[in-house]
Amino acid sequence: MDADLIARHVETSAALIDLTIPPDYRDGVLRYFGIAADLAALVMAHPLTPADETASVFVPVSPLASAPSVTSTAAVPR
């Protein structure tokens, strides 16, 4: 997205939800919206296949290096 399109989108979206963006914050809001748009473009650049189904169950994984794999049913050591 170019800078003008980002600015129009942010201004229009803010107006739709009656959000006032103070002038001191406008540049930061536009900068971060641009970052979000760039990240979205990276994600959208990778097409999904039928193998990319959503998971039926979310199983949180411990950040510990010694944690068992996601497929393990063993308890996570504490």
| field | Residues (of a type in the set (V, I, T) and touching a helix residue (DSSP H, G or I) at 6+ places or on another chain (Cβ under 6 Å)) located in the stretch 1-28 | value | I6, V10, I21
| note | Within the stretch 31-57, the residues that are open to solvent by 100 Å² or more (accessible area, probe 1.4 Å), among the hydroxyl-bearing types (S, T, Y) and more than 16 Å from V10 (Cβ to Cβ) are T54, S56
| Count - residues of the stretch 31-46 that are in a loop (DSSP other than H, G, I, E, B) and either in contact (Cβ under 8 Å) with a residue 60 or more places away in the chain or among the hydrophobic types (A, V, I, L, M, F, W, C) (or both) | 1
| Inter-residue pairs, beta-carbon under 7 Å, first surrounded by 10 or more Cβ atoms within 10 Å (Cβ to Cβ) and in the stretch 7-30, second aromatic (F, W, Y) and at pLDDT 95 or above, 6+ apart | V10/F33
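The values are calculated or read from the model by the stated rules, or taken from the named source; none is laboratory data. On a predicted model such as this, the values are computed, not experimentally measured, just so you know. No Cβ is skipped: glycine too gets one built from the backbone with ideal geometry, and neighbour counts run over all protein chains shown. What goes into the accessible areas is simple: the full protein's heavy atoms, side chains included, and nothing from ligands, DNA or RNA. Shrake-Rupley method; radii C 1.70, N 1.55, O 1.52, S 1.80 Å.
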